[in-house]
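Trainee: There's a structure below that I have some questions on.
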């Protein structure tokens, strides 16, 4: 799979309308997109993908799915089903309501690519950077700076399936 970095497009109007009606007070996924905007960009993952080959799924979306999956403590199957079925996840990922999602094995392949490329820290580091910029994490505070436990927890859920 190759990567052709593309800009993150605005959320489709119908997805915004339905998400606002379904979640008038918002949800974690909606707040993630609204407050952190484009937390991850395709270019963040460019070194992990070859230049030539069939284009893969947008890695920024897979990164967001991985974060939401960890928050919900879900398996790959459950996370892939949420991409297909949950309006707030479609909102966070900027997908049309009719988007069919992807096969759950894509998440395992994405995490394997992160580890093989030595970029397993990227998801947490980028999030902490955004939190620092917004004053949500202060210097000298006690915080976990290693994402290994996050990446290790998700594959074990997949094995339990």
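Trainee: Please label the shape of the range 30-81 as rounded, prolate or oblate, based on the square roots a ≥ b ≥ c of the eigenvalues of the alpha-carbon gyration tensor (a/c under 1.5 means rounded; beyond that, a/b larger than b/c means prolate, else oblate).
Mentor: On the way: a/c = 2.76, a/b = 1.41, b/c = 1.96.
It is oblate, given that a/c is not under 1.5 and a/b is not larger than b/c.
Trainee: Please compute the contact order of the range 13-160 in relative form: average sequence separation of alpha-carbon pairs under 8 Å and at least six residues apart, divided by the residue count, as a percent.
Mentor: On the way: 125 pairs, mean separation 43.8, N = 148.
Contact order relative to length: 30 percent.
Trainee: Quick one: work out Rg over Rh on the C-alpha atoms of the range 1-148, Rh as Kirkwood radius.
Mentor: Values: Rg = 15.4 Å, Rh = 16.1 Å.
So for the range 1-148, dividing Rg by the Kirkwood Rh gives 0.96.
Trainee: If each residue of separation counts as 0.36 nm, what is the full-extension length gain between residue 18 and residue 116 once their alpha-carbon separation is subtracted? Intermediate values should be presented prior to the final figure.
Mentor: Working: separation 98, 0.36 × 98 = 35.28 nm, distance 3.87 nm.
The residue 18-residue 116 span can extend by a further 31.4 nm.
Trainee: Okay, which of the range 15-45 sit inside 18 Å, backbone N to the point 7 Å along the Cα-Cβ direction of residue 98?
Mentor: 15-19
Read-outs throughout are calculated quantities, based only on the coordinates presented, and are distinct from any laboratory measurement. None of the values given here were measured: they were computed from a predicted structure. Don't worry about glycine lacking a Cβ; one is built from the backbone with ideal geometry, like all the others, and counts go over all protein chains shown.
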